[in-house]
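Engineer: My questions will all concern the structure given below.
The values are calculated or read from the model by the stated rules, or taken from the named source; none is laboratory data. What you see is a predicted model; the values in this text were computed from it and never measured. Every residue, glycine among them, receives a Cβ derived from its backbone with ideal geometry; neighbour counts consider all protein chains shown.
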Amino acid sequence: MSKSSRGILKVAVIGLGKMGLLHSSLLSVLPNVELVALCDKSGMTRRVFKSFFRRVQVNDNLEDLYDLNLDAVYITTPIPSHFPIVKAIYSMQIARNVFVEKTLSSNYDGARKLYALAQASGGANMVGYMKRFAVTFKKAKELLNGSILGDVVAFSAYAYSSDLSETSRGSRASMSRGGVLGDLGSHVLDLALWFFGDLQVESAKLEAVSDLGAEDSARFRVRGPNDLKGKFDITWCRKEYRMPEFGFLIQGTDGIMSVNDDNVELELHDKKPHKWYRHDLDDNVGFLLGAPEYFREDECFIKSILDGINMEPNFYSASRVDRIIEQVKNEAYESN
Amino acid sequence: MSDKRSMRLLVGDNPFHGISHLSQERSRARGNAVDNAEYAAKLVMTALENGADGFMFSVSETTLSILQEVCKKEIKNLSLHAIVPYAYEYVRLATQAGGITGLAKKIGKQVIATMNVKAIVTGLKGVVRTDPISLMKAYMLYEISRIRSVTRSKANLDSVMLHEIITEVGLALNLDWFFRSYIDFMWKLKIQPGFETRNFAYLVRKFKEWDIDFRKVAIVTAFNRVGFQMNPSKIECEKALSTIPESNVTAMSILAAGYLKPPEAIDYIRTRPNLKGVVVGVSKEQHARKTFELLKERLGS
């Protein structure tokens, strides 16, 4: 296949919601990329996008992408459609490099199968866990890699937003977004797996606020390597969180560290605390849209294709997130 | 000192929406007082009494209520600089209305509810033909009518800026035709068109490429000593600014979201040629008074 002779990657985006527009725009400013096609089922959405993306093919059928000799495809459709679409992309050989917005699949079995397909394709793959590209979480990972806290013994993690804080009972908004674990919680789960390694769920509780059977809040405990203990608190019903916020408090034998989207604070025993804000961590990017991490994420995926190296967060790391989500749900239903 | 700059000083609305780019914790710590319309209007008035020349705000129910309160006071010719659309509100509405299609229907209903015939007819034309220019015009007429319905004759709507999300997407997709239509349309309404951006160097490069006259547009963008939100870099943004002396650029985030103290922030702004104004948000009365006194002394006319 097909990186053109000019060294420019030909890319298509499937699913033209908020994330589809964001990635299409960022891909349009990245060097070495040519956005050649957009795909969406909705006729109205296609008409609107056609009027703005005048030099790009806009269609409603995956088969129409086959002849385009694509280098990569971005999939930004709702989560339940990820599995059939990614499977079709690989089996129809539309592209061997695939980016999928999180979560990879709606269950662990699907995620494992997609990982196997990606392995067989030999291309690069990535899942949109963009928090790894935030400067504060990158700094925390760097500090943890340097064992600055000594042995990590415990952590608590949270993911809060007010997205559904004013949603009335009976609303379908929660269900249509697939529940808080996949939507909001998956980011903090991915960060936890990245920071600490493999985790096993020990106990879990899910709560419905908006509708019977909805998953609006999740609290669960995990166990990690070397007897590490962790707990998670995830909800999209906290009124005061205008923007989604993710954070950790990590306790080690030599001190504690807290990290969220805005800052990293380190308190080592017998030393003065130190705090880094985004301002201190070189947060500028080539083009800012939404948040700097989106640009870095797309830049990283394109680079991984050009360099032929599969970077994280890839289908393997994302399948581990889907596994934990499944464990949390199973544990919560069993204990109910 | 004799080297005082003569800049337009605007009070901004970020704290009234619970926004702090330094940390969300900080915005939560401010509590609910700042989103109370009466309290926020008092802060705007304090800023105006102490040197602010006008008010820059995103058009939302919150800011329109504040504006209504401000206009009850003894003011004349208040200078207004609006930013549309208020993206956060629309993303939230899209979440609740079930996506972009649900949101479009909701906005359509709101436009019809204004009974603004021009906006309705232009909007219908846009929907039938899927014509982005007609839709943009209908939307602008709708937002302007919302502002004027609360300000009446007590304020001048001097400029209307496209929110950064629209500006950045337009830049990324090379929508020169859209920007030109927007500029022409706003001038026909006798309002200065503007652009909010956090990709200032990129915008300057594109506008030069598209031959857009910098004298005809207002730009609001981040300028601060630590390069916060100055993309791709502080140096590139400073260079870009130095090439457009004829422009009308207002600096935002001059305090880098509270990371810098006002005196050091102002020292940096004074060294930037071609900046024509600054916008600063305030969340406490004392903060409003002291900040604008200082801004007036060091930068104002």
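Engineer: Pairs needed: first member in the range A:153-165, within 15 Å of A:Arg242 (Cβ to Cβ); second member anywhere, assigned to a loop (DSSP other than H, G, I, E, B) and among the small types (Gly, Ala, Ser); C-beta distance under 8 Å; at least 6 residues apart or different chains.
Structural biologist: Listed by first residue and then by second, the contacts come to A:Leu164/A:Ser171; A:Leu164/A:Ser210.
Engineer: Restricting to the range A:65-104, what's the tally of residues that are among the charged types (D, E, K, R) and at pLDDT below 95?
Structural biologist: So in the range A:65-104, the residues among the charged types (D, E, K, R) come out as A:67, A:71, A:87, A:96, A:101-102.
Add one more test, that the residue is at pLDDT below 95, and what stays is A:67.
Qualifying residue count for the region: 1.
Engineer: I've got another one for you. Being touching a Ser or Thr at 6+ places or on another chain (Cβ under 6 Å) and in a loop (DSSP other than H, G, I, E, B) is the filter; apply it to the range A:243-284 and report the residue that is nearest to B:Ala257 (Cα to Cα).
Structural biologist: Here the residue is A:Asp262.
Engineer: Among the residues of the range A:267-297, write down those that are farther than 23 Å from A:Pro244 by Cβ and more than 10 Å from every other protein chain (Cβ to nearest Cβ).
Structural biologist: If the condition is that a residue be farther than 23 Å from A:Pro244 by Cβ and more than 10 Å from every other protein chain (Cβ to nearest Cβ), then A:Glu267, A:Leu268, A:His269, A:Asp270, A:Lys271, A:Lys272, A:Pro273, A:His274 are the ones that fit.
Engineer: For the range A:15-48, give me the residue count where each residue is among the hydrophobic types (A, V, I, L, M, F, W, C), within 10 Å of another protein chain (Cβ to nearest Cβ) and surrounded by 15 or more Cβ atoms within 10 Å (Cβ to Cβ). Before the answer, list the steps.
Structural biologist: Pass one, the range A:15-48, residues among the hydrophobic types (A, V, I, L, M, F, W, C): A:16, A:19, A:21-22, A:26-27, A:29-30, A:33, A:35-39, A:44, A:48.
Remaining after also requiring within 10 Å of another protein chain (Cβ to nearest Cβ): A:16, A:21-22, A:26-27, A:29-30, A:35, A:44, A:48.
Subset that is surrounded by 15 or more Cβ atoms within 10 Å (Cβ to Cβ): A:16, A:21-22, A:26-27, A:29-30, A:35, A:48.
Of the residues in that region, 9 qualify.
Engineer: Is one or more of the residues making up the range A:319-327 within 14 Å of chain B (Cβ to nearest Cβ), surrounded by 23 or more Cβ atoms within 10 Å (Cβ to Cβ), assigned to a helix (DSSP H, G or I) and out of contact with any Pro (no Cβ under 6 Å at 6 or more places or on another chain)?
Structural biologist: Start the filter on the range A:319-327 by keeping residues that are within 14 Å of chain B (Cβ to nearest Cβ), which leaves none.
So far as the range A:319-327 goes, no, none of its residues is within 14 Å of chain B (Cβ to nearest Cβ), surrounded by 23 or more Cβ atoms within 10 Å (Cβ to Cβ), assigned to a helix (DSSP H, G or I) and out of contact with any Pro (no Cβ under 6 Å at 6 or more places or on another chain).
Engineer: Next question, about the same structure. Taking the stated definitions as given, is A:Leu65 part of a helix (DSSP H, G or I), crowded, with 18+ Cβ neighbours inside 10 Å and in contact with a strand residue (DSSP E or B) (Cβ under 8 Å, 6 or more places away or on another chain)? Walk me through it before giving the result.
Structural biologist: On the way: part of a helix (DSSP H, G or I): yes; crowded, with 18+ Cβ neighbours inside 10 Å: yes; in contact with a strand residue (DSSP E or B) (Cβ under 8 Å, 6 or more places away or on another chain): yes.
Here the answer is yes, as A:Leu65 does meet what is asked.
Engineer: Shifting gears a bit: Go through the residues of the range B:95-104 one by one and say whether even a single one is under 25 Å from B:Leu294 (Cβ atoms) and either buried (at least 17 other Cβ atoms within 10 Å of the Cβ) or modelled with pLDDT under 80 (or both).
Structural biologist: First, pick out the residues of the range B:95-104 that are under 25 Å from B:Leu294 (Cβ atoms): none.
So far as the range B:95-104 goes, no, none of its residues is under 25 Å from B:Leu294 (Cβ atoms) and either buried (at least 17 other Cβ atoms within 10 Å of the Cβ) or modelled with pLDDT under 80 (or both).
Engineer: Looking at (1) more than 14 Å from chain A (Cβ to nearest Cβ); (2) touching a residue at least 24 places away in the same chain (Cβ under 8 Å), which is the one condition that is false for B:Ala257?
Structural biologist: Here B:Ala257 meets the rest and fails (1).
Engineer: Could you grab the pairs with beta carbons closer than 6 Å, sequence gap of 6+ or different chains, first residue in the range A:278-295 and basic (Lys, Arg), second one modelled with pLDDT of 95 or more?
Structural biologist: Hits for this filter: A:Arg278/A:Val135.
Engineer: Another one. Please work out which one of (1) of a type outside the set (D, E, K, R); (2) closer than 30 Å to A:Arg278 by Cα; (3) more than 10 Å from every other protein chain (Cβ to nearest Cβ) is the condition B:Asn224 fails and give its number.
Structural biologist: Going through the list (1) of a type outside the set (D, E, K, R); (2) closer than 30 Å to A:Arg278 by Cα; (3) more than 10 Å from every other protein chain (Cβ to nearest Cβ), B:Asn224 breaks only (3).
Engineer: In the range A:33-49, what residues are touching a strand residue (DSSP E or B) at 6+ places or on another chain (Cβ under 6 Å) and either of a type in the set (Lys, Arg) or assigned to a loop (DSSP other than H, G, I, E, B) (or both)? Let's see the steps before the verdict.
Structural biologist: At the first step, the residues of the range A:33-49 found to be touching a strand residue (DSSP E or B) at 6+ places or on another chain (Cβ under 6 Å) are A:33-39, A:46, A:49.
Listed by number, the list holds a single entry, A:Arg46.
Engineer: Starting from the range B:137-149, take each residue that is acidic (Asp, Glu) and list its partners that are surrounded by 18 or more Cβ atoms within 10 Å (Cβ to Cβ), counting only C-beta distances under 6 angstrom and pairs at least six apart or across chains.
Structural biologist: Listed pairs, sorted by first residue: B:Glu143/B:Val59; B:Glu143/B:Val84.
Engineer: Has the range A:89-101 got at least one residue that is among the acidic types (Asp, Glu) and outside any helix (DSSP H, G or I)? Steps first, answer last, please.
Structural biologist: Filtering the range A:89-101 down to residues among the acidic types (Asp, Glu) leaves A:101.
When the remaining residues are screened for being outside any helix (DSSP H, G or I), the result is A:101.
Yes, the range A:89-101 has at least one match.
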